[in-house]
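S.K.: I am attaching a structure below and will ask some questions about it afterwards.
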Amino acid sequence: MIPKSHPRYESLLLRDKMVKASNEGYLADSALIAHGRGEAFDYLIGEHTTYPAKRAMYVGVAALLLSNNPVISVNGNATALACDEIIYLANAINAKIEINLFYRTDERVKIITQLYKDHGYEDILGTLDDDIEHLSDIKNPRATASKKGIYTADTILIPLEDGDRAEILKKSGKKIITIDLNPLSRTSIMSDISIMDNIVRAVPLMTKIAEDLKTQDKKVLKEMVNEFNNEENLNESLQQIRLKE
Ligand code: PTJ
């Protein structure tokens, strides 16, 4: 039990969630290392949502609201940290949720499928009995996607995604939005819209933004997406780290 008065309370709570998920058997072996990398970047930006991250969230939500078949891709880490919040966001933007594991095993897929169902989300894709295809005919385990989900999606939100997979998605012509605390990662650089923030802060805020943007004229949303420059926004995100030196 972590006392609320602990100066690192929030961060320790997230560690606890990760350890619990690890014990439940649905995290990748390297999940805690990936989490640690995220923690380090979060520390450097002061563990708060920066202005460029917020701007990218608005544009990302606009792009998701404009798309015909939006999908939120979830892995072990994203599920451990924000399962309920991801379900709320999916409902708010009318997106599907697909299990998409870098280190895919039947056992992990089974546990994560059950977890989403236990949390009230029945229509989870990427399960063991789903119709799985290969993106752009790339016969590589990294290129698998559900026929109803990522395979036919036009816009995909990929929190905490590995670079190989982001590259394959990008090459297959999808619009990619990532949530990644590392603005230097291949995923952040390759994505169309990169949100440099912690998933636990970003997803709830994106749900609020969705409620706000839902009633906006589509023309306004299109302008927001067209005017956004990811490279510039990432450079601004990087400066948020330097400001802390
Ligand atoms: O569940 P699986 O098999 O799909 O595997 C998941 C991991 C995360 C282990 C896998 O995708 C992986 O190895 O990813 P990487 O290449 O380590 O990339 C993860 C990125 O997420 C890194 O750039 C981290 O900085 C970032 N990250 C970690 N924790 C958070 C985060 N970004 C936002 N919020 C976090 N809490």
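The values are calculated or read from the model by the stated rules, or taken from the named source; none is laboratory data. Only a predicted model underlies this, so the values are computations on that prediction, with no experimental measurement involved. Cβ atoms come from the backbone with ideal geometry, glycine included; neighbour counts cover every protein chain shown. The accessibility values were calculated without ligands, DNA or RNA, using every heavy atom of the protein model including side chains. Shrake-Rupley method; radii C 1.70, N 1.55, O 1.52, S 1.80 Å.
S.K.: How much of the accessible area of the chain, probe 1.4 Å, is carbon plus sulfur, in whole percent?
M.R.: Exposed carbon and sulfur together represent 49 percent of the surface.
S.K.: A further question follows. Please give the FRET efficiency for Leu32 paired with Asn91, using the beta carbon to beta carbon distance and R0 = 35 Å, rounded to the nearest 0.05.
M.R.: 0.75
S.K.: Once phi is turned into ³J(HN,Hα) by the Karplus curve 6.51 cos²θ - 1.76 cosθ + 1.60 with θ = phi - 60°, what whole-Hz value does each residue of the range 202-210 show in order, with x for glycine and proline?
M.R.: Values per residue, Gly and Pro as x: 5, 5, x, 5, 5, 5, 5, 4, 4 Hz.
S.K.: Also, I was wondering about something else. In terms of modelled amide H atoms, which long-range or inter-chain residues lie less than 5 Å from the amide H of Glu98?
M.R.: Ile72, Ser73, Val74, Leu125
S.K.: Next question. Go through 13-19, 75-81 and give me the packing order, highest mean Cβ count within 10 Å leading.
M.R.: Per-residue mean Cβ counts within 10 Å order the peptides as 75-81, 13-19.
S.K.: Sticking with this one: What do you get for Rg/Rh over the chain if you use C-alpha atoms and the Kirkwood form of Rh?
M.R.: Rounded to two decimals, Rg/Rh equals 0.94.
S.K.: How big is the Kirkwood radius of the range 1-101, worked out from every pair of different alpha carbons and given in Å to one decimal?
M.R.: Kirkwood hydrodynamic radius for the range 1-101: 15.4 Å.
S.K.: Too long at a 19 Å Cα-Cα cut-off: which of Lys17/Lys54; Lys147/Lys175; Lys96/Lys147; Lys54/Lys208; Lys117/Lys175; Lys175/Lys208?
M.R.: Lys17/Lys54; Lys117/Lys175; Lys175/Lys208
S.K.: What ³J(HN,Hα) values, in whole Hz, does the Karplus curve 6.51 cos²θ - 1.76 cosθ + 1.60 give for the range 29-38 when θ = phi - 60°, with x put for Gly and Pro?
M.R.: Working through the residues one at a time gives 4, 8, 4, 6, 5, 4, 5, x, 5, x Hz.
S.K.: Relative to a virtual label point 7 Å from the Cα of Asn68 in the Cα→beta-carbon direction, which members of the range 142-175 show backbone nitrogen distances below 12 Å?
M.R.: 152-155
S.K.: To continue, here is another question. Once you charge only the Cβ atoms, +1 for Lys and Arg and -1 for Asp and Glu, what is the size of the charge dipole of the chain about its Cα centre, to the nearest 20 debye?
M.R.: My answer is approximately 180 debye.
S.K.: Using a probe radius of 1.4 Å on heavy atoms only, what accessible surface per residue do you get for the chain? Whole Å² is fine.
M.R.: Each residue of the chain exposes 50 Å² on average to a 1.4 Å probe.
S.K.: Taking H placed 1.01 Å from N in the peptide plane, check which residues at least 5 places from Lys174 or on another chain put their amide H under 5 Å from its amide H.
M.R.: Those qualifying (amide H under 5 Å, at least 5 residues apart or on another chain) number zero.
S.K.: Along the charge dipole of the range 43-162, Cβ charges K/R +1 and D/E -1, which of Tyr116, Leu89, Gly76 sits furthest on the positive end?
M.R.: Leu89
S.K.: Given labels modelled 7 Å from the Cα in the Cβ direction, how far is it in nm from Thr105 to Lys214?
M.R.: Going by the 7 Å Cα→Cβ label model, 4.0 nm.
S.K.: Moving on to the next point. Calculate one ³J(HN,Hα) per residue across the range 173-188 by plugging θ = phi - 60° into the Karplus curve 6.51 cos²θ - 1.76 cosθ + 1.60, and present them in order as whole Hz with x for glycine and proline.
M.R.: Whole-Hz 3J(HN,Hα) from phi for the range 173-188: x, 7, 7, 10, 10, 10, 10, 8, 5, 9, x, 9, 5, 4, 4, 4.
S.K.: Ok, one more. Between Lys139 and Lys54, what FRET efficiency comes out of the Förster formula 1/(1 + (r/R0)^6) with R0 = 51 Å and r the beta carbon distance, rounded to 0.05?
M.R.: Step by step, r from the Cβ atoms, then E = 0.80.
S.K.: Here is a follow-up. Could you pull out the GluC sites (Glu not before Pro) across the range 69-164 that fall in loop regions by DSSP (anything but H, G, I, E, B) with no more than 13 other Cβ atoms inside 10 Å?
M.R.: Glu122
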